[in-house]
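Data block below; observations after.
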Amino acid sequence: MDEDRPQYDAVVIGAGFAGMYMLKTLRDAGFRVRAFERGGDVGGTWYWNRYPGARCDIESLYYCYSFSEELQQEWRWTERYPSQPELLRYARHVAERFDLRRDISFRTEVRAASYDEAHDRWAVRTDDAELTARFLITAVGCLSATSTPDFPGIDTFRGEAFHTGRWPHEEVDFTGKRVGVIGTGSSGIQAIPVIAEQADHLTVFQRAAQFSVPAHNHPLSDQEQRRVKADYARLRAEARMSPSGILCERLEVNAVDVPREELRAELERRWRIGGTTFCAAYPDTLRDLAANELSAEFVREKIRATVRDPETAELLCPRDHPIGTKRICVDTDYYATYNRPNVSLVDLRKHPIAAITPAGLRAGDREFELDAIVFATGYDAMTGPLNRIDIRGTGGRRLADEWAAGPRTYLGLACVGFPNLFTITGPGSPSVLSNMIVSIEQHVEWIGAHLVHLREHGVRRSEADAEAQREWGEHVDEVAAATLYPRAASWYTGANVPGKPRVFMPYIGGVGTYREICDGVAADGYRGFRLT
Ligand code: N01
């Protein structure tokens, strides 16, 4: 082995919320760690997603670390839902408070990593350096590999083009401009109302309509903060064992068994509360189409009641997927934006985008002149960020090849043939179906404890066992199949990226259940891992 290369105990890829906490955890446990981050600072998602209106759809007081009592008490959130700038300030505060930056190389991408079987070490190659580490831990995020459709003529556009997930750091001013937004997922739905206020004219290009629930964002009072902070220990403990890492009221009765008037009143109450938990009221909403349709139609009625032009309203009514089976959107004034005289909606199902042109775009036989195009077209989710790194395990096998038919993991944490590689919020774990911070903390703490165990027991290799991985994959498929989720052409299933295998990637068995499974695996001496 080339001993000139710097040697670490662990390399962490990424310095978003997962990478920062992983770095801290391992450093505190006495490991020599280096983190690499392609962005210019910490923050991950919240470093890149600077588009107008970018805001988290989980409430501030819960979308933050719980590992430090001092940290969670001292940080003061200003609004119910944190805006991107506030989240980035928070990430920077954490980096400073725990002196993390000294172990992070910024503007540095990890290009490749291969497992050196003779020495049981990962050889890691970045843009400008080579190094080795016993352990490789990916903290690359689930939604960090942007996806821009390969529209004909895309490079010919003379105006400005942006992807929501790679927004420039300088201010973008749409005043007096004709702007087109392609995509109406969470990003588009947040950006559209804000861009509409600035632009001369905004044209929204919609393929599938999405369900969106109002955020009802508001400033957070001191009283509200004090109430939650005084009870943090209990609230956090409850969130960790909940289905999604998000606290909300869940009823035990099925929607189909509730008298219609009562059901409407309950949905109305939840609509007024707002937020992602709208679909969590009844246990059958995400399992039974008839139950689902009750909530779906409730939202369609809200759309019709808000949008004045009946044709536009109908076009905005989602019909191609059960509500909640694509990540539900949370908005501020999204539907009402279509009442503005400077906003128009184009149905891409009727008029698909034929080409991007130098002057704008052509959809069907219609030409749209645009000064700027915003691609709110989403991500090559979950597997994309990992497959874009050339990761090679034992026998030279490539992770991207191993996952060619869809990702296969043990617990979303490890993969057969890739010893000492751990994937924070990897496919096969709850990740995107949860409050990411809750899932990140659980994975980081589990991985941290595992590495300490390996060190204490002189283990050089920890590798998922093939049988354990197969069984876990079957379980992940089985629990997904019992829900309506696989029916949607969503990014959860890879359907949004042409050619990507259709596999429901996250584990839908619940955050609390999953935590118990992982704790059980550890308590049984890391059952399902081969420790040698
Ligand atoms: O991406 P998306 P996103 N031609 O994939 C359309 C999280 N997030 O960035 O539905 C035309 O959801 C596509 O159309 P269709 C959150 O988990 C959270 O908005 O495939 N259109 C769709 O409308 C979220 O779910 C927050 O028919 C094309 C849109 O582009 C996830 O990130 C904020 C197209 C993509 O929607 C991703 O959200 C933002 C094509 N060829 C994001 N290809 C909050 O916390 C794609 N589209 C609030």
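Quick look at the numbers
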read-out	value
Structure-based [θ]222 nm, the chain - -39500 (n - 2.57) summed over DSSP H runs of at least 4, per residue, nearest 500	-9500 deg cm²/dmol
Descending principal axes extents, region 392-526, alpha-carbon based, whole Å	46, 36, 25
Cα centre as origin, Lys/Arg/Asp/Glu Cβ charges: the chain dipole, Debye	200 debye
Cα centre as origin, Lys/Arg/Asp/Glu Cβ charges: region 257-334 dipole, Debye	220 debye
Positive-end residue of Gly188, Thr203, Pro214, charge dipole of region 122-261 with Cβ unit charges	Pro214
Debye equation applied to the C-alpha atoms of the chain, log10 I(q)/I(0) at 0.07, 0.11, 0.12 Å⁻¹	-0.40, -1.01, -1.20
Dipole-positive endmost among His321, Pro310, Thr357 within region 296-380 (Cβ charges, Cα centre)	His321
Estimated FRET transfer efficiency (Glu3, Glu474; beta-carbon r; R0 56 Å; 0.05)	0.80
FRET E, pair Lys350, Arg304, Förster distance 22 Å, beta-carbon r, rounded to 0.05	0.65
Rg/Rh (Cα only; Kirkwood hydrodynamic radius) as it applies to region 271-342	0.98
Volume per residue of the C-alpha convex hull in region 329-421, rounded to whole Å³	191 Å³
Computed over region 1-124, Cα set: Rg, Dmax in Å	16.4, 53
Kirkwood Rh in Å, taken over all unlike Cα pairs in region 258-300	10.4 Å
Efficiency of FRET from Cβ geometry, Arg366 and Arg461, R₀ 60 Å, rounded to 0.05	0.50
Region 151-288: radius of gyration and largest Cα-Cα distance (Dmax), Å	20.5, 57
Order by protection proxy (mean Cβ within 10 Å, highest first), peptides 368-381, 22-35	368-381, 22-35
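Bear in mind these aren't lab numbers, they're just calculated from the coordinates by the rules spelled out. All values derive from a computational prediction rather than experimental measurement. Here Cβ is always computed from backbone atoms with ideal geometry, including for glycine, and neighbour counts include all displayed protein chains.
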